[in-house]
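The values are calculated or read from the model by the stated rules, or taken from the named source; none is laboratory data. This one's a predicted model, so the numbers in the text were calculated from it and none came from an experiment. Here the Cβ is made from the backbone with ideal geometry for all residues, glycine too, and neighbour counts use every protein chain on show.
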Amino acid sequence: MMHAPQLRPRPVPQRALATLTQAGIHPLLARLYAARGIGAPSDLDYSLGALLPPAALRGTREAAELLADAIEAGARMVIVADYDCDGATACALGMRALRAFGADVHYLVPDRVAMGYGLTPAMVELAARIEPDLLITVDNGIASIEGIAAARAHGMATLITDHHLPGDALPDADVIVNPNQPGCDFPSKALAGVGVMFYVMLALRAELRERGAFADGKGPNLADLLDLVALGTVADVVQLDHNNRILVSQGLARMRAGRMQPGVRALFAAAGREPERAASTDLGFLIGPRLNAAGRLADMSLGIECLATDDPGRAFNIAQELDRLNRERRSIEAGMQEDALARLEGFDAAESASISLYQPDWHQGVIGIVAGRIKERLHRPTIAFAPATDGEIKGSGRSIAGLHLRDALDLVSKRAPDLILRFGGHAMAAGLAIREQDFQRFSEIFEEVVDGLLDPAERTRRMDTDGALESGWMSLEGARLIEHGIWGQGFPAPLFDDVFRVENQRLLKERHLKLQLAKGSTRYDAIRFNHADGAPPDLRAAFRLGINEYNGVSSVQLMLEHFEAA
């Protein structure tokens, strides 16, 4: 049932390759960077000095003045966060920086199931109990027209910090900082919510310096919070443009040097990973999911507490609980995925442009992950639904290149105005609510819309590779060079492809295929996770270069993502 991909080597622009090699960049990295659109060594300058300045981001100056006035007046602030990793890191960063500046600051985060996303009027009622003078949103708020109106009615000042795409109208907040709002010409539209909050805090520190607020004239070192910025940026899967790569690189460098929040250190320990070897993939696949588990199954306050506390013992205890929740999330997800695959037993990709799934016993917090897994497997835009309240069901969707999911839902809502109750999101991921009785009608109209929008060429999955890897770099040195790079969305980690002979193969734990491959006279250990089918005697494989640690010995291991008969 897997949808076999077409392997396609990325072109390497020769002029860029020559420029980078002449600048002294390692030949292997020069080739990988040139294939990812890097044309000049300055694109690889990851020093803090190369960051875009806060003044370039619309609203930061007004936000800094609003916050500085509030601090001087002893006003009470409440941060309203989102319940994912980006929201949690943005909230913890805001709490830490504002407290260091002497602010009276508290936070709230909505319960995913009970309250849903963002600054709703119900969320404002909850905040009103703390009697704040100023309400600050992180990683949400740009669509909260009613929520901001409710806050104003309570006499609260409002500051929105967000990165999501705005709708046709903007909320009537005192200040909005969002690189994607109309009239903002900040060159990096890809900042995550935590990146936006970091910029606001930089602007605030500059404002407080001007007002002579710091005895040493300088104030707290905000670079100490870059571990949080790196974690939220990678986990939110935003485009790693140059500015974001600087933020991630700086955060990872601090983790490797042992300088990070106690909660980040505790999450590394819970994941069984050494921070000294922290790589961008660890943030996306090990640390991020443990934090996200709180927002999916329990209450994201747990994740925020982990990142905001200065007590290593408390951070350790919370990280263990997050690890337990993540294991629970994985087991719920495995059951849901089995249900989904059973439902799709006879699925013919040639006959369907999209997939919509609903089971009355599915868990709302996990449907997005299940949609993502099915989308990966079958290469079709997928929406998974779970029951909500009052006869509604909530859907979480994941898309493929070539289909803007939010735009597709917009088109569905125009064709059937009474069908979708609420929706939002962006190109690759979106959420919506419909009535349970409308599920069948929704799947049919969604299928028609996707079929009309999705180009036939986009329906075949392509795997872009970096071609063959010279045998000299299939070494620990090559693997470490790659491991230390900054890879992620829009700047993908290297994936090579080549032809090998299979010398032997066996199953590990009945679900992972362990192989010994040969090319010429050289042998390589290889593994393909969660793949129990045997390999042909000669194969073409798409692989990542990995490092296997066993009994204190490091060796190169090829991590196979796909193979086919050669």
Assess whether GLY365 counts as being modelled with pLDDT under 95, under 24 Å from the mean Cα position of the chain (by Cα) and part of a loop (DSSP other than H, G, I, E, B).
yes
Restricting to segment 350-366, what's the tally of residues that are over 30 Å from ASP82 (Cα atoms) and crowded, with 18+ Cβ neighbours inside 10 Å?
1
Cβ-Cβ under 8 Å pairs, at least 6 apart or on other chains, segment 83-97 side part of a helix (DSSP H, G or I) and surrounded by fewer than 24 Cβ atoms within 10 Å (Cβ to Cβ), far side of a type in the set (Gly, Ala, Ser) and modelled with pLDDT of 95 or more
MET95/ALA308; ARG96/ALA308
Complete set of residues in segment 254-278 that are among the aliphatic types (A, V, I, L, M), touching a Lys or Arg at 6+ places or on another chain (Cβ under 9 Å) and either more than 27 Å from GLY368 (Cα to Cα) or at pLDDT below 95 (or both)
MET255, MET260
Please indicate, with yes or no, whether at least one residue in segment 451-462 is at pLDDT 95 or above, over 21 Å from GLN6 (Cα atoms), of a type in the set (A, V, I, L, M) and assigned by TED's automatic domain parsing to the domain that holds ILE393.
yes
Of everything in segment 175-227, what is within 16 Å of ALA92 (Cβ to Cβ) and surrounded by fewer than 24 Cβ atoms within 10 Å (Cβ to Cβ)? Give them in sequence order.
PRO220, LEU222, ALA223, ASP224
Of the residues ALA50, ALA35, ALA56, which single one is surrounded by fewer than 22 Cβ atoms within 10 Å (Cβ to Cβ), modelled with pLDDT of 95 or more and in contact with a Lys or Arg (Cβ under 6 Å, 6 or more places away or on another chain)?
ALA35
Which residues, counting only those in segment 288-304, are without any contact (Cβ under 8 Å) to a residue 40 or more places away in the chain and farther than 22 Å from ALA278 by Cβ?
ALA298, LEU302
So for segment 389-397 (the condition being assigned to a helix (DSSP H, G or I) and outside the structural domain of ASP84 (by TED's automatic domain parsing)), does at least one residue qualify?
no
In segment 197-252, how many residues are of a type in the set (Asp, Glu) and in contact with a Lys or Arg (Cβ under 6 Å, 6 or more places away or on another chain)?
1
Any residue at all in segment 370-392 that is under 25 Å from THR89 (Cβ atoms) and buried (at least 20 other Cβ atoms within 10 Å of the Cβ)?
yes
Can you tell me which residue among TYR46, TYR33 is aromatic (Phe, Trp, Tyr), farther than 18 Å from GLN250 by Cβ and either outside the structural domain of ILE246 (by TED's automatic domain parsing) or in a loop (DSSP other than H, G, I, E, B) (or both)?
TYR33
GLY183 fails exactly one of (1) over 24 Å from THR120 (Cβ atoms); (2) in contact with a Pro (Cβ under 7 Å, 6 or more places away or on another chain), namely (2)
Would you check if LYS375 is of a type outside the set (S, T, N, Q), in a helix (DSSP H, G or I) and under 23 Å from SER331 (Cα atoms)?
yes
Criterion (modelled with pLDDT under 95 and either on the phi > 0 side of the Ramachandran plot or part of a helix (DSSP H, G or I) (or both)) met by exactly one of VAL237, VAL248:
VAL237
Taking LEU291 as the residue in question, decide whether it is under 17 Å from ALA192 (Cα atoms), touching a Leu at 6+ places or on another chain (Cβ under 9 Å) and part of a helix (DSSP H, G or I).
yes
